[in-house]
Amino acid sequence: MKVSFTLGELSERLDVPLRAPSPDVEINGLATLESAREGQLAFVSNPKYIRQLAGCNASAVIIHPDLAEATELPCLLSTSPYVTFARASQLFAELRDSQRQLGVPHVHQTAVVSLDAVVGTQVTIGPHAVVEAGAIIGDGCRIGAGCYIGSGVHVGSDSVLYPNVTLYHDVKIGERAILHSGVVIGADGFGFAFDKATMRSVKIAQLGAVRIGDDVEIGASSTVDRGALDDTVIGNGVKIDNQVQIGHNCVVGDHTVICGCSALAGSTRIGRYCVIGGGVGITGHLSIVDGVTVSAMSMVSQSIERPGVYSSGTLLQESTQWKRNVVSLGKLSELTRTVRNIERRLQQGSSPESGKTYDERGRD
Amino acid sequence: MKVSFTLGELSERLDVPLRAPSPDVEINGLATLESAREGQLAFVSNPKYIRQLAGCNASAVIIHPDLAEATELPCLLSTSPYVTFARASQLFAELRDSQRQLGVPHVHQTAVVSLDAVVGTQVTIGPHAVVEAGAIIGDGCRIGAGCYIGSGVHVGSDSVLYPNVTLYHDVKIGERAILHSGVVIGADGFGFAFDKATMRSVKIAQLGAVRIGDDVEIGASSTVDRGALDDTVIGNGVKIDNQVQIGHNCVVGDHTVICGCSALAGSTRIGRYCVIGGGVGITGHLSIVDGVTVSAMSMVSQSIERPGVYSSGTLLQESTQWKRNVVSLGKLSELTRTVRNIERRLQQGSSPESGKTYDERGRD
Amino acid sequence: MKVSFTLGELSERLDVPLRAPSPDVEINGLATLESAREGQLAFVSNPKYIRQLAGCNASAVIIHPDLAEATELPCLLSTSPYVTFARASQLFAELRDSQRQLGVPHVHQTAVVSLDAVVGTQVTIGPHAVVEAGAIIGDGCRIGAGCYIGSGVHVGSDSVLYPNVTLYHDVKIGERAILHSGVVIGADGFGFAFDKATMRSVKIAQLGAVRIGDDVEIGASSTVDRGALDDTVIGNGVKIDNQVQIGHNCVVGDHTVICGCSALAGSTRIGRYCVIGGGVGITGHLSIVDGVTVSAMSMVSQSIERPGVYSSGTLLQESTQWKRNVVSLGKLSELTRTVRNIERRLQQGSSPESGKTYDERGRD
């Protein structure tokens, strides 16, 4: 059983030049510069860690050609060391999977697959998974134990659903998706009409679906609701972390990244290549342009029309000090008015020709 | 197979008058004014969208009688167009379900249903669902694949549990509930006594249960914990969005709406007809009266005694500007003191009879 | 069937002295002072509730010896009444479980347990659970219905997994764990290298695992991600509430408590005996010392180097007032500068020897 790669193999498969006395050194894993042992491959993604190369016990290192002279270790030379490290991590994950003997693709005997579903070739369906009528599972998919694939769902080829993922009816998932356990796609969006006659909320049935592009990863226990009339849409290459909530009829642009525990209320449109930090809340019916970064735990309650970095919230303080400041914050508009009054008095004192009254100034 | 309703049928089933040349026009779906095509029914819920009626391609529109002269389209006349739209959405959802041939109610052969459970008539139990001893499933319920119904659970009639819902022992669910995938009801509340002798947290077993009223909907991956001694209680008509957390011994009043990702810590009581925005956090042991609205991402750390709209948090800014402001916020109580001092000096200057010292003023 | 304990039994099993006319009084449950009925045991954990003893209908009370003279009820005397109450709650939970006849430990016939898994003695595995090759389930464990135990997972003895828990491959769980429904341990950490050449995110395969200590409880739908290279580590005695997210490579110290809906971004280290309130967000790569308390909904974006209580966020206000204040907050650094200018002018006025210019002061 294969348990390692030679440096030569890595150089070839990662498509980066090797600078080493021999291409035959065996590499059996990845590690940080600090913790690497013999047989492991480390990486320098940031010049500021270059000093750590001195005591590094790795058998080789991924490094930018311009920095390679800083070490005598065997080097895989990459102009994007972090990207090369990412690709190497995938090689070692494949190696690990082959060791775990996931076995030949097959449908487990306890899975319940409708005769009216279409299952591609080289598909694995785990124990107790359910695939309803009209579902289409593309070639090479792996559907984990206990997953539920509703009627009319399409899952694109080479997608991986970890155990206990739930896809409601008519959800469309692109190719090479990775959906982690606990993910729920296509539950009803949250829509009600309040009936004043009966003082009751009347459910708006959610008649749209969810369309998810290619190369999307969605983290554990994240939820994407189906649309009310039109679909909720997630673009290609979007990466969503754990416990993220995407409301109905949102549109998330290609290659946008959404970190853990963030939430998009309904009908919000986010552009391409945005980065939404963790714990961010975005209210409904907003529009955010391409290339916007929102820092962690911010609240977005207005549309964002220019690319840039945005934040809200307050900084952590010792609680006693924090309390004094937030109590003051509760009177801040008053304080601002007081300061304006003082300023005006001082200006009147020094320049008596200033005849504006406070009220006029207040409307500036 | 039925794939549409005539306008006449819709008028009758929605109980609203029809103004149209013919009641026989076939309607096969709902859409917005903007996107509606022939054969679809649109709606005007807000007079400000009335201009969109001009170019609308819908075959009919739900509209308030007072606005109906603005269009020559066939009209379903409703004094609550949005509520009528909601009811229409439910009709089309039924139509879609009948097309999907959910089949006659039955217990799937792979479901594990205790002989000591009581299952009503017209009940569907999906593949791999589990119903433990002492559970009671009311008439007309649909229990999705992979659901777990613990011992002693009651589920009221005509309730729908989507796949992979978990109900712990002794949970009571009212009639017509809708529980989405990933919902967990009745997990242990978070209670520990810290034992200083051993420096360990000692678990407080959660001996209460959860009682949920009629007509409650709970969104995907939301959690409602069981009570410590008494029960956690959710009133009738409560609507809970995705990823909401309700702590042990909370009481949520009838017809209150809780948006996504909000959290109630333990033993908090919320009144009737409240609206809790998304991402709101409410600390424990508080009491909130009827008719309170809390805006998205607010933190509620004190009881609310008057109906109204409440908020906390700060507005989004470009990060550089935000940073300057929050650093200033960290010194705000100091700034407030400085301004008071200035004010006092100026008052003493202009009105020397003001003999208050700073300390006295500080206590105002 | 046993349905109660005598006071004598409770005294013995809780290891606290009894002060009562007779040890034979039957106790069938626990309750608060306020709601207790005959046959129930109440407790006084805080002297301020001592007045409620007057009207209390309990048959006995757990109380500190120093307060016992305040009542004539039979007393279980404990110097830590709340801890004794916690232990009593566990006794009554055992009683309830024995009434529910959980039955003799067994592997349900619908469970799919690999022949290459090792299952200890006295283990219960529920319907439709899956245990993969190489997994080790310790003695006395209870694995709920629909749980997924990945390959190479170890679950320590006497652990309880409620239904629908998912453990990815190679996760290690200590002894006496309690994992609630919807928990996902070992999903991929959120790591990507952005490749500017292709403008795509390249997945960093997550090659580490998760190690969880003994006596850990994790609430419903919480998620703990596997490490990128090294493991994510949760210490002994850690208690985690519902819907908490722990990012890859975090290290949580022993006996730390994390309340609901909090999130730790990647590679953050939290000390021992910390208390993280609900809805707290902690950004990545931080370090928090032992004994830190963070109040609910705070954002932690810098390391914390001293024990203490910390907060961020703002207080709830009526929305109209809140809006005025946060608009002012958006100009706070400007206001601060204005006040400094005024102060300077006033100081120059009264003490003309002050020759500092504004710019110099601005850099103080």
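The values are calculated or read from the model by the stated rules, or taken from the named source; none is laboratory data. If you're wondering where the values come from, they're calculated on a predicted model, not measured in any experiment. Because the Cβ atoms are built from the backbone with ideal geometry, glycine has one as well, and the counts that use them run over all protein chains shown.
Could you grab me the full set of residues in region C:218-244 that are buried (at least 23 other Cβ atoms within 10 Å of the Cβ) and closer than 12 Å to C:ILE276 by Cβ?
C:VAL238, C:ILE240, C:ASP241, C:VAL244
If we scan region A:189-201, do we find a residue that is under 24 Å from the mean Cα position of the chain (by Cα), farther than 25 Å from B:PHE43 by Cα and in contact (Cβ under 8 Å) with a residue 24 or more places away in the chain?
no
From the list A:GLN109, A:GLN122, pick out the single residue that is within 13 Å of another protein chain (Cβ to nearest Cβ) and either of a type in the set (A, V, I, L, M) or surrounded by fewer than 16 Cβ atoms within 10 Å (Cβ to Cβ) (or both).
A:GLN109
Residue check: is B:GLN245 modelled with pLDDT of 95 or more, under 19 Å from the mean Cα position of the chain (by Cα) and facing another protein chain (nearest Cβ under 9 Å)?
On the way: modelled with pLDDT of 95 or more: yes; under 19 Å from the mean Cα position of the chain (by Cα): yes; facing another protein chain (nearest Cβ under 9 Å): yes.
Spelling it out, B:GLN245 is indeed modelled with pLDDT of 95 or more, under 19 Å from the mean Cα position of the chain (by Cα) and facing another protein chain (nearest Cβ under 9 Å).
Which count do you get for residues in region B:156-208 that are in contact with a helix residue (DSSP H, G or I) (Cβ under 7 Å, 6 or more places away or on another chain) and either more than 7 Å from every other protein chain (Cβ to nearest Cβ) or assigned to a loop (DSSP other than H, G, I, E, B) (or both)?
So the count comes out to 3.
How about region C:23-44: which of its residues are of a type in the set (Gly, Ala, Ser) and in contact with a Ser or Thr (Cβ under 9 Å, 6 or more places away or on another chain)?
Correct list: C:GLY29, C:ALA36, C:GLY39, C:ALA42.
Going residue by residue through region C:28-50, is there one that turns out to be more than 14 Å from chain B (Cβ to nearest Cβ) and either among the polar types (S, T, N, Q) or crowded, with 18+ Cβ neighbours inside 10 Å (or both)?
No; the residues of region C:28-50 include none that is more than 14 Å from chain B (Cβ to nearest Cβ) and either among the polar types (S, T, N, Q) or crowded, with 18+ Cβ neighbours inside 10 Å (or both).
Criterion first (closer than 23 Å to C:LEU207 by Cβ, acidic (Asp, Glu) and under 33 Å from the mean Cα position of the chain (by Cα)) does A:ASP15 satisfy it?
In short, yes.
Being closer than 30 Å to C:CYS274 by Cα, at pLDDT 95 or above and either polar (S, T, N, Q) or not assigned by TED's automatic domain parsing to the domain that holds B:ASN242 (or both), is that true of even one residue in region B:181-198?
Yes; the residues of region B:181-198 include at least one that is closer than 30 Å to C:CYS274 by Cα, at pLDDT 95 or above and either polar (S, T, N, Q) or not assigned by TED's automatic domain parsing to the domain that holds B:ASN242 (or both).
Tally the residues that are closer than 26 Å to B:ALA263 by Cα, in contact with a Leu (Cβ under 8 Å, 6 or more places away or on another chain) and surrounded by fewer than 24 Cβ atoms within 10 Å (Cβ to Cβ), restricting the search to region C:182-216.
0
What are the residues in region C:105-120 that are more than 16 Å from C:LEU161 (Cα to Cα) and either assigned to a loop (DSSP other than H, G, I, E, B) or modelled with pLDDT under 95 (or both), if any?
Within region C:105-120, C:GLN109, C:THR110, C:SER114, C:LEU115, C:ASP116, C:ALA117 qualify.
Looking at region C:209-223, which of the residues that are at the interface with another protein chain (Cβ under 9 Å from one of its Cβ atoms) and not in a loop (DSSP other than H, G, I, E, B) is nearest to the chain's Cα centre (by Cα)?
Top of the filtered list is C:GLU217.
Given (1) surrounded by 17 or more Cβ atoms within 10 Å (Cβ to Cβ); (2) modelled with pLDDT of 95 or more, where does B:LEU53 come up short, assuming only one miss?
The failed condition is (2).
In region A:83-104, is there at least one residue being away from every other protein chain (no Cβ under 14 Å) and not in a helix (DSSP H, G or I)? Write out each step before concluding.
Initially, region A:83-104 is screened for residues away from every other protein chain (no Cβ under 14 Å), giving A:104.
Next, only the ones that are not in a helix (DSSP H, G or I) stay: A:104.
Looking through region A:83-104, at least one residue is away from every other protein chain (no Cβ under 14 Å) and not in a helix (DSSP H, G or I).
Mind checking which residues of region B:224-242 are of a type in the set (Asp, Glu), within 29 Å of A:VAL224 (Cβ to Cβ) and more than 9 Å from chain C (Cβ to nearest Cβ)?
Listed by number, the list holds a single entry, B:ASP241.
How many residues are crowded, with 24+ Cβ neighbours inside 10 Å and within 14 Å of chain C (Cβ to nearest Cβ) if we restrict to region B:133-155?
Let us first name the residues in region B:133-155 that are crowded, with 24+ Cβ neighbours inside 10 Å, namely B:135, B:137, B:141, B:143-150, B:153, B:155.
Filter again for within 14 Å of chain C (Cβ to nearest Cβ), leaving B:135, B:143-150, B:153.
So the count comes out to 10.
Looking at region B:121-136, which of its residues are within 26 Å of C:VAL112 (Cβ to Cβ) and either within 30 Å of the chain's Cα centre (by Cα) or not in a loop (DSSP other than H, G, I, E, B) (or both)?
Taking region B:121-136 and keeping what is within 26 Å of C:VAL112 (Cβ to Cβ), we get B:124-133, B:135.
The answer is B:THR124, B:ILE125, B:GLY126, B:PRO127, B:HIS128, B:ALA129, B:VAL130, B:VAL131, B:GLU132, B:ALA135.
Can you tell me which residue within region B:285-340, out of those that are more than 11 Å from chain A (Cβ to nearest Cβ) and polar (S, T, N, Q), is farthest from B:TYR273 (Cα to Cα)?
Looking at the filtered set, the residue picked out is B:GLN302.
Being small (Gly, Ala, Ser) and under 17 Å from A:PRO81 (Cα atoms) is the filter here, so list the residues in region A:21-49 that pass it.
Within region A:21-49, A:GLY29, A:ALA31, A:ALA36, A:ALA42, A:SER45 qualify.
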